[in-house]
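Just so it is clear, none of the values below were taken in a lab; they were calculated from the coordinates. Predicted model, so just to flag it, every value in this text is computed and none were measured. So basically every Cβ, Gly included, is an ideal-geometry build from the backbone, and we count neighbours across all protein chains shown.
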């Protein structure tokens, strides 16, 4: 069943209005007609099975028939902070990361970033990345679209680390070293410390996974990230491409959260 995301204000009681590119896609590509069924999500708190009342390339009107459980979102809110990669690799990270279960993406500049970031093109780039996330969320039957944050400087990224319950800094030296801490061990140790703490346990922790660009992170950046509160972790003894590392780390985190278990 085709899934569409709309703004909350496009829900008016049981009547839903779909406009823009989604209406064109539904009418022209999917050839929607009255009595066809679709799933519509507001990206916040509501997902419904609806029946199409009217269909045109300009507007689809549908009526909600059944409220659906929003049970496809992970309990852990995981952000992939990605050092800006070359070419269209960021698009791959966003597309596949959305399918797997990332909650948001933060692109950032760092010492070994190769691409020349053009701030004048940022709005257009964010718009494209957001569209990729939306389409991937629809394909993966998610109830929320991951957010795409503006490109951050390295200093801004260091400040953001403190806003998360757990920050993991993917560093190849940790993976290569015999004494290095793997991501699974780091997370399990963090979970044990949370359970032992007398403070109230966070049920829906916010976690950020920092991934370097093609050249990885410098030693200086590793020191600064650790000082800011991040835990240095490895992803195994093999060297992963930048567009692979975040996806592997995300999958490891979701496994540790229990999100990869069967229904």
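For region 3-67, what is the per residue volume of the convex hull drawn over the alpha-carbon atoms, in cubic angstrom?
Details: hull volume 4.3 nm³, N = 65.
Convex hull volume per residue, Cα atoms: 66 Å³.
I want to verify a result. In a Gaussian network model of the chain, Cα cutoff 10 Å, which of these has the top mean-square fluctuation: 79, 19, 244? Sorting by GNM fluctuation, first place goes to 19.
For the chain, the pair-distance distribution built from all alpha carbon pairs, in bins 10 Å wide starting at 0, is 7, 28, 30, 21, 12, 3, 0 percent.
Taking the longest Cα principal axis of the chain as reference, the axis of helix 89-100 is set at about 70 degrees. When the chain is treated as a GNM, springs tying every alpha-carbon pair under 10 Å, which of 130, 72, 147 comes out with the largest mean-square fluctuation? The residue with the greatest mean-square fluctuation here is 72.
Note the per residue figure in Å³ for the convex hull of the C-alpha positions in region 1-111. Numbers along the way, then the final one.
Values: hull volume 13.9 nm³, N = 111.
Expressed per residue, the convex hull around the Cα atoms of region 1-111 is 125 Å³.
Looking at region 46-123, the DSSP beta bridges with both ends there are about 60 percent antiparallel.
Counting only DSSP beta bridges with both residues in the chain, tell me the antiparallel percent, nearest 5. Intermediate values should be presented prior to the final figure.
Details: 19 of 44 bridges.
Here the antiparallel bridges make up roughly 45 percent for the chain.
Calculated [222 nm] ellipticity per residue, helices only, for the chain: -10000 deg cm²/dmol; basis is -39500 (n - 2.57) per DSSP H run with n ≥ 4, divided by all residues, nearest 500.
Suppose a student asked you for the relative contact order of region 3-67, using Cα pairs under 8 Å spaced at least 6 residues apart; what percent would you report?
Details: 137 pairs, mean separation 24.7, N = 65.
Dividing the mean separation by the residue count of region 3-67 yields 38 percent.
Any chance you could check the Cα centroid distance between region 48-113 and region 128-151 for me, in angstrom? Taking the Cα centre of region 128-151 as reference, the centre of region 48-113 is 2 Å away.
Between residue 126 and residue 214, the distance separating the two model label sites (each 7 Å from Cα on the Cα→Cβ line) works out to 2.6 nm.
Give me the extension gain from residue 165 to residue 193: residue separation times 0.36 nm, minus the current Cα-Cα distance, reported in nm with one decimal.
Numbers: separation 28, 0.36 × 28 = 10.08 nm, distance 1.23 nm.
Extra length from residue 165 to residue 193 when fully extended: 8.9 nm.
Highest GNM mean-square fluctuation among 250, 68, 235, for the chain modelled with Cα contacts below 10 Å: 68.
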